[in-house]
Each structure stands twice: as structure tokens, then as C-alpha cells.
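Bear in mind these aren't lab numbers, they're just calculated from the coordinates by the rules spelled out. Owing to the predicted nature of the structure, the values given are computational and were not obtained by experimental measurement. A quick note on method: Cβ atoms are made from the backbone with ideal geometry, for glycine too, and the neighbour counts reach across all protein chains shown.
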Amino acid sequence: MSYSSDMNVNLGTVFDGFIAELLKTGTYQTQSEVVREGMRLLREREELKQLRLAELRKEIAIGSEQADRGEFVDGKETFAEIRRRSAGRKRGKG
């Protein structure tokens with residue numbers, strides 16, 4: 001697939017309307033500015049997703065190594081602690 005610096009994209013009526021609203025507010029000057037900002041945010045989100053996935057894989061590897069060494073925690077006790085913490089957070093919000 002070849003790449004061209006010029007791109008024609010059909011965003012559909014919903015996004016066309018959204019872009020028009022943003023242009024009316026004066027926040028953005030052109031449709032291209034709006035699309036570039038949207039793409040920048042999408043790239044940030046994808047990068048964050050990759051970082052979170054890498055962190056999760058790292059934590060899984062640590063847990064796997066701990067399990068290989070016989071370092072386990074009691075499941076019932078752990079879930080009871082999670083429930084206690086969750087209930088405490090719910091009470092704190094109420």
C-alpha cells in the first residue's frame with residue numbers, strides 16, 4: 001500500500017457536524033487542525049495502552065517467578081482484603 005501526503009477521508013455526518021461545531025467556537029481554525037488533534041490524542045491513548053500492557057506483562061512475570069519459588073498468598077484471604085478495601089472506599093465516597 002502506498003502512502004500519499006494528501007488524504008481524503010470521509011468521517012460521516014456525525015463527525016462532520018462535530019468538527020463544524022468546534023470550528024464555530026474558534027477553538028480550531030481548520031478541519032485539518034481538528035483531525036490532527038484527534039489523531040494526536042488517539043496516538044497518546046494507544047501509547048498509554050501499550051505502556052499499561054507492558055506493565056501488566058511485567059507484573060505477571062513477577063507473579064510467575066514468585067509462584068515458581070513457592071511464594072503464594074491465600075486466595076480467600078486476599079479476596080476478603082480486596083472486599084474490605086472496596087467497602088472502605090465506597091463508605092468514603094458516601
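Computed values, structure above
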quantity	calculated
Fewest-first sequence of V35, V14 by Cβ atoms within 10 Å of each Cβ	V14, V35
Extended-chain gain in nm, criterion 0.36 nm per residue less alpha-carbon gap, E77 and E21	14.8 nm
J(HN,Hα) series, segment 19-25, from Karplus relation 6.51 cos²θ - 1.76 cosθ + 1.60, nearest Hz, glycine and proline x	4, 4, 4, 5, 5, 5, 6
Residues F79, F15, sorted so that the one with the fewest Cβ neighbours within 10 Å comes first	F79, F15
Per-selection Kirkwood Rh - segment 12-93 (Cα, Å, 1 d.p.)	17.6 Å
Sequence-distant lysines (8 or more away, or on other chains) whose Cα lies within less than 18 Å of K58	K49
Between helix 75-93 and the chain: long-axis angle, C-alpha atoms, 0 to 90°, nearest 10	50 degrees
Extension gain, A87 back to L41 (0.36 nm per residue minus Cα-Cα distance, nm)	13.1 nm
